[in-house]
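**Q** Dropping the structure in here first, questions after.
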Amino acid sequence: MGMNIFTAMNAVATEQNAINLAQGFPNFPCSEKLISLVDQYMRKGFNQYCPMPGALALREAIVEKIQFIYGKSYSPDTEINVTPGGHAALMAAVTSVIHPGDEVIIFEPAFDCFAPIVELNGGVPVYIELRPPAYKIPWQEVALKISDKTKAIIINSPHNPSGTVLEESDMRSLIDLVKNTNIVIISDEVYEHLIFDGFQHQSVMRYPELAERSFSIYSFGKVYHVTGWKIGYVVAPKELMAEFRKCYQMMTFTVNHPMQLAIAEFLKEKDEYLNLPDFYQKKRDFFLNGIKNSRFEFTPAKGTYFQSLSYGKIMNAGDMDAAIWFAKNAKVGTVPMSALYHNNAEHKVLRVCFAKTEEVLEQAAVRLSRI
């Protein structure tokens with residue numbers, strides 16, 4: 001396993017003293033009330049281990065949130081598990097179902113841990129290439145790639161890195177493909193609330209045929225602007241969750257106790273997550289308005305806080321070279337999209353993060369527009 005691209009491009013941005021739009025994290029503060037709640041629970045003495053599945057108060061709050069948003073009931077005892085971020089949830093989910101030789105379908109460009117996690121468990125990644133600007137899943141090609149060795153399909157919507165989202169038609173196609181099979185769905189939905197332009201997040205939980213065979217993975221870091229807290233959770237039917245917990249307990253066992261209790265209480269503030277689409281759409285639009293007269297081409301992201309930019313009218317270089325060039329000459333750090341394909345497929349696209357203050361976004365837009 002080599003160094004991941006985000007670590008590499010962060011290093012380039014730092015070396016070049018560039019505005020870092022590479023790694024996806026906000027540069028603005030989280031809620032003071034949430035911080036105060038963590039402090040309160042620390043001072044109340046909740047500083048020791050909590051149960052392995054997570055604090056019961058948080059699991060119950062998650063169940064209430066799912067019922068409120070998706071109208072689906074889950075058991076806090078047997079179908080919810082709090083994890084140290086979405087990454088650990090992905091690792092435990094894959095480990096719980098993948099054995100040596102099992103095939104796992106992965107759509108690329110993909111978050112860079114998907115394939116390594118599969119390979120570390122002896123699984124075989126089967127790649128489906130998504131192409132810009134739409135990055136639509138070619139379902140007929142997926143059908144051809146499914147075999148008797150296919151054990152799981154990993155989906156991710158809203159999609160990091162492209163900023164696209166799955167639509168109802170995609171979910172219906174997925175239902176048709178896995179019908180009468182034992183294929184497990186691993187659904188990365190950590191950006192569930194970061195979705196724009198009136199689109200609705202198509203969670204597997206909206207579809208009983210998918211929910212019954214799915215691990216759904218979420219992140220409070222993305223919701224509350226606290227990526228450094230590393231708290232997420234996984235939702236799955238009890239049969240899958242039982243296997244998940246066998247693996248999870250040997251990986252990390254438990255999660256920061258006072259922060260869990262603080263988040264459980266903060267989840268009562270529904271506007272904190274219901275207002276996220278408008279909050280981040282304004283940032284997206286502010287940034288894109290700033291580069292509208294540049295030579296970049298783009299389709300506005302439908303979700304996440306990432307935007308894809310095509311630089312084909314600016315230079316012919318590969319995107320790794322282009323990313324380094326922009327860090328040196330425009331002083332803006334980006335991520336080359338080819339690094340998120342197993343074969344380094346070149347489409348002359350860079351990914352930027354717009355989870356930044358308007359001041360930072362304006363400075364970055366000015367620098368990019370000068371090219």
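**Q** Name the residues in the stretch 244-257 that are assigned to a helix (DSSP H, G or I), over 18 Å from L210 (Cα atoms) and either touching a residue at least 40 places away in the same chain (Cβ under 8 Å) or touching a Ser or Thr at 6+ places or on another chain (Cβ under 7 Å) (or both), would you?
**A** R245, K246, C247, Y248, Q249, M251, H257
**Q** Would you pick out the residues in the stretch 233-258 that are of a type outside the set (A, V, I, L, M, F, W, C) and closer than 16 Å to I69 by Cβ?
**A** Y233
**Q** Is it fair to say Y273 is aromatic (F, W, Y) and either surrounded by fewer than 16 Cβ atoms within 10 Å (Cβ to Cβ) or under 18 Å from V226 (Cβ atoms) (or both)?
**A** Answer is yes for this residue.
**Q** Conditions: (1) part of a helix (DSSP H, G or I); (2) closer than 17 Å to M251 by Cβ. P51 meets all but one. Number of the miss?
**A** (1)
**Q** Considering only residues that are assigned to a helix (DSSP H, G or I), in contact with a Lys or Arg (Cβ under 9 Å, 6 or more places away or on another chain) and hydrophobic (A, V, I, L, M, F, W, C), which ones fall in the stretch 54-91?
**A** A61, I66, F68, A88, listed by residue number.
**Q** Considering only the stretch 269-312, state which residues are among the hydrophobic types (A, V, I, L, M, F, W, C), in contact with a Gly (Cβ under 8 Å, 6 or more places away or on another chain) and either at pLDDT below 95 or part of a loop (DSSP other than H, G, I, E, B) (or both).
**A** A301
**Q** Let me ask you something else. Considering the stretch 16-35 alone, what residues qualify as being out of contact with any strand residue (DSSP E or B) (no Cβ under 6 Å at 6 or more places or on another chain), in contact (Cβ under 8 Å) with a residue 60 or more places away in the chain and of a type outside the set (A, V, I, L, M)?
**A** If the condition is that a residue be out of contact with any strand residue (DSSP E or B) (no Cβ under 6 Å at 6 or more places or on another chain), in contact (Cβ under 8 Å) with a residue 60 or more places away in the chain and of a type outside the set (A, V, I, L, M), then Q16, N17, Q23, F25, P26, N27, F28, P29, C30, S31, K33 are the ones that fit.
**Q** From S162, S169, S173, S157, grab the single residue that is crowded, with 22+ Cβ neighbours inside 10 Å, under 21 Å from E209 (Cβ atoms) and not aliphatic (A, V, I, L, M).
**A** Result: S157 is the single residue among S162, S169, S173, S157 that is crowded, with 22+ Cβ neighbours inside 10 Å, under 21 Å from E209 (Cβ atoms) and not aliphatic (A, V, I, L, M).
**Q** Return the only residue of R367, R351 being surrounded by 23 or more Cβ atoms within 10 Å (Cβ to Cβ) and not in a loop (DSSP other than H, G, I, E, B).
**A** R351
**Q** Okay, next question. Within the stretch 282-306, work out how many residues are within 20 Å of Q202 (Cα to Cα), crowded, with 21+ Cβ neighbours inside 10 Å and not charged (D, E, K, R).
**A** So the count comes out to 5.
**Q** Inside the stretch 183-215, can you point out the residues that are assigned to a loop (DSSP other than H, G, I, E, B) and either of a type in the set (S, T, Y) or not assigned by TED's automatic domain parsing to the domain that holds A89 (or both)?
**A** Scanning the stretch 183-215 gives Y191, S203, Y207.
**Q** If M52 passes every condition in (1) buried (at least 18 other Cβ atoms within 10 Å of the Cβ); (2) under 21 Å from Y233 (Cβ atoms); (3) touching a helix residue (DSSP H, G or I) at 6+ places or on another chain (Cβ under 7 Å) but one, which one does it miss?
**A** Result: M52 fails condition (1) only.
**Q** Looking at the stretch 180-195, is at least one residue closer than 30 Å to P336 by Cβ, out of contact with any helix residue (DSSP H, G or I) (no Cβ under 9 Å at 6 or more places or on another chain) and among the hydroxyl-bearing types (S, T, Y)?
**A** No, the stretch 180-195 contains no residue that is closer than 30 Å to P336 by Cβ, out of contact with any helix residue (DSSP H, G or I) (no Cβ under 9 Å at 6 or more places or on another chain) and among the hydroxyl-bearing types (S, T, Y).
**Q** State whether one or more residues within the stretch 245-260 are in contact with a Cys (Cβ under 8 Å, 6 or more places away or on another chain) and of a type in the set (V, I, T).
**A** yes
The values are calculated or read from the model by the stated rules, or taken from the named source; none is laboratory data. Note that the structure is predicted; figures quoted are calculated from it, not measured. When we count neighbours, we look across all protein chains shown, and the Cβ atoms used for this are built from the backbone with ideal geometry, even at glycine.
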